[in-house]
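Structure record follows, encoded as structure tokens.
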Amino acid sequence: MAGAAPLGSRLRADARRNSEQIRAAAIGAFRGQGLTAPLEEVAKAAGVSKATIFNRFGGRIGLIEAVIEEIVASELFAVIDRARSLDDDGERIAYYLTAIRDLQYRRPAFNDVLLQTYPHSRQLMEICRVGSEANEEFIAAARASGALRPEFTADDLHALVVDSALALKYGNRPARDDYDRRTTYLLDGIRGRTSAAGGR
């Protein structure tokens, strides 16, 4: 038939379309349910079989790594960059912790990253490494300036966000107002004398 595309071209176009549909479905599922969302649901939303996901992406980890930039990494790295742009140590740590807890509430996939649900994913472990370095950087600066209590450490911050991740993933989800109020309590509890005096 004149003008018909070669069979190989049509197959490649179908493969690209399938991959795009799977990516879009995965972004929706992982944003809504976290990285443990059933692949059967992703396949159904994409209009393909589960086997097609494995053929195109090699399985769950490959699919996660194909979309994690849109789901978690871009927002987290933007938070870190914004925090680094703030000159005041107290303002920086308040913004950073509030923004991290906001991500935890809005993005279930972020909690899966924090909990290292898929430790064999190099990309997820790299996100954890970048986040850990930012924690240490911001906590050290805030302690040195007196914006944080001197005994509060980066390990303490890590433990707090992991505890929150576990509660959000496996516990009853609190109302947003209650969650934000607890963020305020947390910040009040870790502020150093300099920040506390400035807030009076």
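Annotations for the structure displayed:
- Among the residues of the stretch 81-102, the ones that are surrounded by fewer than 19 Cβ atoms within 10 Å (Cβ to Cβ) and part of a helix (DSSP H, G or I) come to 8 in all.
- For the stretch 130-178, taking the residues that are more than 20 Å from the chain's Cα centre (by Cα), surrounded by 12 or more Cβ atoms within 10 Å (Cβ to Cβ) and of a type in the set (D, E, K, R), the one that is nearest to ASP88 (Cα to Cα) is identified as ARG143.
- Scanning the stretch 100-157 for residues that are touching a Gly at 6+ places or on another chain (Cβ under 9 Å) and closer than 17 Å to ARG84 by Cα returns ILE100, ALA142, ARG143, SER145, ALA147, LEU148.
- Filter pass, GLY32 being over 19 Å from PHE110 (Cα atoms), touching a residue at least 60 places away in the same chain (Cβ under 8 Å) and either of a type in the set (Gly, Ala, Ser) or in a helix (DSSP H, G or I) (or both): no
- VAL130 under 19 Å from ILE190 (Cα atoms) and in contact (Cβ under 8 Å) with a residue 40 or more places away in the chain: no
- Answer residue from the stretch 112-129, given it is among the β-branched types (Val, Ile, Thr) and in a helix (DSSP H, G or I) and is surrounded by the fewest Cβ atoms within 10 Å (Cβ to Cβ) among those: ILE127
- Test: SER19 is small (Gly, Ala, Ser), over 26 Å from TYR170 (Cβ atoms) and surrounded by 15 or more Cβ atoms within 10 Å (Cβ to Cβ): yes
- Filter pass, ILE68 being under 28 Å from TYR179 (Cα atoms), in contact with a strand residue (DSSP E or B) (Cβ under 9 Å, 6 or more places away or on another chain) and not aromatic (Phe, Trp, Tyr): no
Every number here is computed from the coordinates shown, using simple stated rules; none is lab data. These numbers come from a predicted model, not from an experiment. Glycine gets a Cβ as well: all are built from the backbone with ideal geometry, and neighbour counts include every protein chain shown.
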